[in-house]
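The values are calculated or read from the model by the stated rules, or taken from the named source; none is laboratory data. Given the structure is predicted, the values throughout are model-derived calculations rather than measurements. FYI the Cβ positions are ideal-geometry reconstructions off the backbone, even for glycines, and counts take in every protein chain you see. Just so you know, the surface numbers come from the protein's heavy atoms only, side chains and all, with ligands and any DNA or RNA stripped out. Shrake-Rupley method; radii C 1.70, N 1.55, O 1.52, S 1.80 Å.
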Amino acid sequence: MKNRVETFVEKYQLYKEDTIQQIQLEHRFNLVETFKIRKGMHVLEIGCGQGDTTVVLADMVGKEGKVVAIDIASPNYGMPFTLGQAIERIKQSELGARIDFHLETELLNFPITQQFDVVVLSHCSWYFESEQKLADYFKRLRHITKRVCFAEWDLRFSDLSQRGHFCAVTILALYSQFVKNDGNIQHVFGESQIVNLMAEAGFTLQDKETIDASFLQDGLWEMDYATSIQNEFNQVPSMIQALVSNYYDVMNENIDKKSLNSFVLIFES
């Protein structure tokens, strides 16, 4: 019997030869099931990226539903496929008719004239450069939905094998504070920060869950990127250099390397 990823790939003819994307899809299915997305829903996804979560949302809402997916990035951003290339592939599938993509789009300036059944932010909060910017987004959401589903990496690693990913995240967060870059970690937010910011925006936490993401490739990707920018810390204060050096030592210890888990938060107003 085919599993849900195999069924999805065959049904929509997406990611057929892309084993990396198929692994990512399994995690997105786990997240979206936790979000309790139903047929016919109208969903706004913030920070859609290359559409990893978007396609699963579109599958779950069905032909009568709709997904509006926005991202501030340009079509040329991303690798090994750019956002533009990834989105074009999705548009050519049956799911394309259910999704409206808007790249280079800032939520605070995006005209919205409808209420959404749910707004989803899936692994996108660390791209925000400041807490204030994320808080402004949350306040805008108060006017367009009564339900928000939020997912992000959980720094509270539950297994020693996830410590390398934790160290890489810390290194890259420090990197963004001292070296201007467009990497995917600009500001690290944890569960309590998100709960507090959402409360200030008028939302109440209804449910939370930890989702196993240890099987994903993201931890290794983050560690590789952290390794590639190690020499750039030569220009930062000596105390930060010493701190980062210790994180590199821990990150590179000869133990199994797995990704951090994800935490999911469900809010209602």
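Using +1 on the beta carbon of Lys and Arg, -1 on that of Asp and Glu, and nothing else charged, what's the dipole of the range 111-229 about the Cα centre, debye to 20?
So the magnitude is around 440 debye.
Which of the lysines could a cross-linker span from LYS36 if the Cα-Cα distance has to be under 28 Å and same-chain partners fewer than 8 positions apart are dropped?
Result set, ordered by chain and number: LYS2, LYS11, LYS16, LYS63, LYS66, LYS91, LYS133, LYS139, LYS146, LYS208, LYS258.
Using label points projected 7 Å from each Cα along Cα→Cβ, tell me how many nm separate SER192 and ARG38, to one decimal.
About 3.5 nm separates the two model spin labels.
Express in nm, to one decimal, how much length is gained between ARG4 and ASP256 on full extension, taking 0.36 nm for each residue of separation and deducting their alpha carbon distance.
Numbers: separation 252, 0.36 × 252 = 90.72 nm, distance 2.78 nm.
Length gained, ARG4 through ASP256: 87.9 nm.
Averaging sequence separations of C-alpha pairs under 8 Å and six or more residues apart, then dividing by the length of the range 13-60, give the relative contact order as a whole percent.
With pairs under 8 Å counted, the relative contact order is 45 percent.
Can you compute the FRET efficiency between GLN217 and GLN132 using 1/(1 + (r/R0)^6), with r the Cβ-Cβ distance and R0 = 41 Å? Round to the nearest 0.05.
Numbers: r = 32 Å, r/R0 = 0.78.
Between GLN217 and GLN132 the formula returns 0.80.
Can you give the local net charge around ASP52? Use residues other than it whose beta-carbon is closer than 13 angstrom to its beta-carbon, Lys and Arg +1, Asp and Glu -1.
That sum, taken over residues with Cβ under 13 Å, equals -4.
Subtracting the Cα-Cα distance from 0.36 nm times the residue separation, let me have the gained length for ASN231 to ASN246 in nm, one decimal.
Contour length minus the Cα-Cα distance gives 4.0 nm.
So if each residue of separation counts as 0.36 nm, and I subtract the Cα-Cα distance between ASP207 and ASP100, what length gain in nm does that give?
Result: 35.7 nm gained on full extension.
Compactness ratio of the chain: Cα Rg over 2.2 N^0.38 Å, N = residue count?
With N residues counted in the chain, Rg over 2.2 N^0.38 Å equals 1.01.
Roll a 1.4 Å probe over the protein heavy atoms and report the accessible area of HIS123 in Å², nearest 10.
30
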